[in-house]
Amino acid sequence: MGHSIKRKEDPRFVRGQGTYVDDIRLPGMIYLDIVRSPFAHATIKKINPSKALSIPGVLAVITGQDLAKYNLHWMPTLMSDTQMVLPVDKVMFQSQEVAAVLATDRYIAADGVEAVEVEYDPLPVVVDPKKALEPGAPILRTDKKDKKDNHIFHWEVGDKSATERAFAAAKTVVRQDIYIPRIHVASIETPGCVAQFDKVTGKLTVWLTTQAPHAIRTVVALVAGHVGLSEEKIRIIAPDIGGGFGGKVPVYPGYVIAIAASVLTGKPVKWVEDRMENLQADSFARDYHITAELAAEKDGTLTALRIKTIADHGYTDAAANPSKFPAGLFGICTGSYDLKAAHVQVDGAYTNKPPGGIAYRCSFRVTEAAYAIERMVDIMAHELNMDPADFRRKNFIPPDKFPYKSALGWEYDSGNYDGALTKAIEKIGYAELRKEQAEKRARGELMGIGISSFTEIVGAGPSKHFDILGLKMFDSCEIRVHPTGKAIARFGTKSQGQGHETTYAQIVAEELGIPAGHILVEEGDTDTAPYGLGTYASRSTPTAGAAGAMAARKIRDKARKIAAHLLEAREDDLEWEPGKFFVRGNPGNAKTIQEIALAAYTNHPQGMEAGLEAVSYYDPPNLTFPFGSYICVVDIDKGTGEVKIRRFVAVDDCGNIINPMIVEGQIHGGLTMGMAPALYEEINYDEEGNIQGGSFMDYLLPTAVETPKWETDKTCTPSPHHPLGAKGVGESATVGAPAAIVNAVVDALWHLGVRHIDIPITPARA
Ligand code: CDP
């Protein structure tokens with residue numbers, strides 16, 4: 001898509017000669033590396049920097065005590081909790097930041113880290129969130145004076161008594177404990193930054209691997225305003241980013257230390273996390289201990305859902321959920337089914353682990369929700385001895401019920417679940433596969449077919465319900481059309497590889513008739529882009545994409561006035577076809593958008609302001625509800641327990657598609673990321689809080705070798721409220737895939753008495 005080339009030509013990067021944070025090299029730049037704790041919970045008795053400071057090139061060792069002088073040793077999280085930048089008295093998880101070393105060279109900084117001596121006094125460790133909530137558990141957040149337990153929040157939604165009544169009246173009830181383990185965002189690029197404080201102008205520029213540059217600027221201003229960093233003097237630039245997936249929304253201590261070090265030294269400071277640090281200490285995803293119950297009538301009509309969940313957030317709640325939704329959008333857990341009643345409660349717990357709960361390629365806990373309901377529906381279908389496809393069809397919300405108000409309060413915009421499932425069934429040849437399965441089962445072979453008919457909820461706002469730290473969740477676009485008919489469009493979001501440069505240009509091109517190649521798309525620079533909440537939770541197309549269309553339409557409205565002036569016609573006598581206005585009934589009497597753009601600067605009507613530009617801050621009236629039906633076929637080796645995905649058909653529906661090739665790419669990547677936790681990935685801790693799976697030797701990241709051939713297709717059910725009829729898609733496959741795979745494995749084993757297997761389904765578990 002050529003955006004790297006564009007970035008390389010961008011003069012702001014001449015000094016850095018690169019496109020990613022780690023490519024930036026500024027004159028006089030110094031390097032930061034971080035000392036980390038070997039203990040999961042310990043008092044820090046002493047930090048002795050003298051050996052480190054004796055290494056030539058080591059400039060300083062920074063501790064929590066140093067930061068405390070400026071009240072920068074703690075910072076707020078996006079969930080209004082607090083997180084240590086550097087500890088003053090104790091550490092709370094293994095690999096936590098303990099001190100920072102500044103040096104003239106990256107390798108010298110690493111040597112300095114080795115030489116810092118820290119004395120610890122271990123404290124009792126809490127790793128199990130259920131035990132953390134038991135009376136008598138060691139209280140972890142002793143920094144919070146009034147905190148007498150490890151409970152973070154209680155959140156519930158739904159009609160409890162109606163749900164209880166429905167369960168009491170149900171003919172069949174299934175109940176299942178489901179654990180969704182901690183997993184980790186392993187982006188190609190780890191987090192990092194270059195902070196450059198100019199002592200003369202007082203301006204701070206930070207090149208930062210962030211998905212939300214504007215919000216970060218505001219947070220920096222709020223946290224460090226008292227040391228002179230006011231918002232107009234802070235410039236956050238998110239350059240090219242090698243994958244975010246929710247892991248680059250939080251503020252990491254390394255960023256803050258680098259900024260503080262640059263302000264103190266007046267030198268540019270670079271911090272780039274290494275792979276092991278990234279895997280062991282960054283914010284984690286999932287870690288949901290779910291107990292789910294589903295109720296059905298005699299004929300298999302589903303009636304009610306009840307879920308209780310304990311969410312392990314590590315030692316601080318540093319997720320990035322909208323503030324009114326501490327459990328994110330888990331309330332989408334009624335999924336694609338017409339349930340009369342539901343009740344859900346989630347309790348957050350502190351443990352001695354890194355922060356958890358980030359939205360890993362997921363619209364704030366939607367993956368957990370989709371997995372829970374799709375597993376439960378499958379268990380119920382098997383329990384009732386009904387075909388899982390027929391069972392789903394019987395219980396889907398029918399197309400004529402949209403907009404549909406769910407039992408947990410969401411208004412689904414549009415859907416045709418049967419349409420997607422039917423397409424998937426036809427594509428995979430479902431009936432023949434079931435025959436084959438019966439034959440194989442008779443021969444003692446293990447083959448399974450799993451379905452997942454998920455519904456997502458993406459595109460936060462609307463701002464009346466959604467904010468982060470009080471910042472309303474809208475998004476923005478500003479377009480300027482230059483005199484020669486070329487344009488620049490700037491957005492409040494930030495691509496991390498999703499191809500916004502391509503799709504946003506297409507949106508503006510479609511609305512204005514300017515070729516996409518003549519539209520420069522920019523995001524990520526807070527000095528130039530309009531304020532926005534950023535890119536995560538598949539919100540870019542539903543929010544900023546819509547803002548792009550709305551800003552372009554404002555420009556078209558002005559262009560009509562200019563065209564009427566040029567053509568000496570009345571505005572309402574003009575018709576638009578992409579690229580020109582013409583007089584109704586006389587297509588030859590026309591003005592192109594390029595001619596109109598020139599006139600906007602050279603020959604605009606008297607009394608009209610010159611120029612052709614517009615800005616839109618788009619507040620979506622509702623979220624969008626993309627969906628899909630995935631079918632997975634597995635063969636299980638009876639000897640080794642190895643699960644082989646033989647086929648996987650994914651039918652997605654994200655409404656109108658802007659760029660089919662990009663959507664296809666999003667789905668392919670998402671499917672592999674959905675397979676990963678189903679079969680390979682998990683982060684565990686032993687009793688002492690030692691991380692298991694802290695390197696790629698044992699955290700199994702699937703590669704092209706493990707990835708089967710994904711067979712994709714689509715249906716199209718436009719969103720009625722989005723200006724382009726589009727819904728988000730970036731996360732659909734990650735959300736939908738795990739349940740299809742697990743359902744297939746359990747389908748292969750159900751006749752042997754297996755109801756559920758927790759993920760990842762390694763050969764040992766299968
Ligand atoms: O917020 P994020 O960019 O991760 O997610 P998204 O809005 O789902 O978009 C992912 C990519 O797919 C973007 O380049 C979108 O413009 C593109 N897309 C599309 O072409 N058509 C859609 N209906 C939805 C997304």
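The values are calculated or read from the model by the stated rules, or taken from the named source; none is laboratory data. All values derive from a computational prediction rather than experimental measurement. Here the Cβ positions follow ideal geometry from the backbone for every residue, glycine too, while neighbour counts run over all protein chains shown.
Quick notes
- Entry remark, region 304-335: residues being over 18 Å from Phe454 (Cα atoms) and not basic (Lys, Arg) number 18 in total.
- Within region 685-712, the set of residues being at pLDDT 95 or above and closer than 21 Å to Val91 by Cα comprises Tyr685, Asp686, Glu687, Glu688, Gly689, Asn690, Ile691.
Every residue, every condition in (1) assigned to a loop (DSSP other than H, G, I, E, B); (2) over 32 Å from the mean Cα position of the chain (by Cα); (3) of a type outside the set (Gly, Ala, Ser), yes or no:
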site	(1), (2), (3)
Tyr120	no, yes, yes
Lys130	no, no, yes
Ile139	yes, no, yes
Lys145	yes, yes, yes
Ala166	no, yes, no
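- Test: residue in region 216-231 that is over 30 Å from Gln692 (Cα atoms), modelled with pLDDT of 95 or more, within 24 Å of the chain's Cα centre (by Cα) and not in a helix (DSSP H, G or I): no
- Qualifying residue in region 623-644 (condition: under 16 Å from Thr367 (Cβ atoms), within 12 Å of the ligand (Cβ to nearest atom) and not in a loop (DSSP other than H, G, I, E, B)): no
- Exactly one residue out of Ala137, Ala109, Ala168 is touching a strand residue (DSSP E or B) at 6+ places or on another chain (Cβ under 6 Å) and not acidic (Asp, Glu): that is Ala109.
- The single residue among Lys298, Lys267, Lys308, Lys248 that is in a loop (DSSP other than H, G, I, E, B) and within 30 Å of Phe391 (Cα to Cα) turns out to be Lys298.
- Within region 498-516, being assigned to a helix (DSSP H, G or I), among the β-branched types (Val, Ile, Thr) and more than 10 Å from the ligand (Cβ to nearest atom) holds for one residue alone: Val508.
- Entry remark, region 361-395: residues being surrounded by fewer than 24 Cβ atoms within 10 Å (Cβ to Cβ) and not in a helix (DSSP H, G or I) number 4 in total.
- Looking only at residues in region 161-195 that are among the hydroxyl-bearing types (Ser, Thr, Tyr) and under 27 Å from Leu701 (Cβ atoms), the one that is surrounded by the fewest Cβ atoms within 10 Å (Cβ to Cβ) is Tyr179.
- Residue count for region 563-607, restricted to those that are surrounded by 14 or more Cβ atoms within 10 Å (Cβ to Cβ), part of a strand (DSSP E or B) and of a type in the set (Gly, Ala, Ser): 1.
- Residue in region 466-478 that is within 15 Å of the ligand (Cβ to nearest atom), within 16 Å of the chain's Cα centre (by Cα) and among the polar types (S, T, N, Q) present: no
- Looking only at region 480-497, residues that are away from the ligand (no atom under 16 Å from the Cβ) and either assigned to a strand (DSSP E or B) or under 22 Å from Gly461 (Cα atoms) (or both) come to 4 in all.
- Of Ala537, Ala610, all but one fail to be of a type outside the set (Phe, Trp, Tyr), part of a loop (DSSP other than H, G, I, E, B) and within 30 Å of Gly357 (Cα to Cα); the exception is Ala537.
- Whichever residue in region 645-660 is in a strand (DSSP E or B) and within 16 Å of the ligand (Cβ to nearest atom) and, among such residues, is surrounded by the most Cβ atoms within 10 Å (Cβ to Cβ): Asp652
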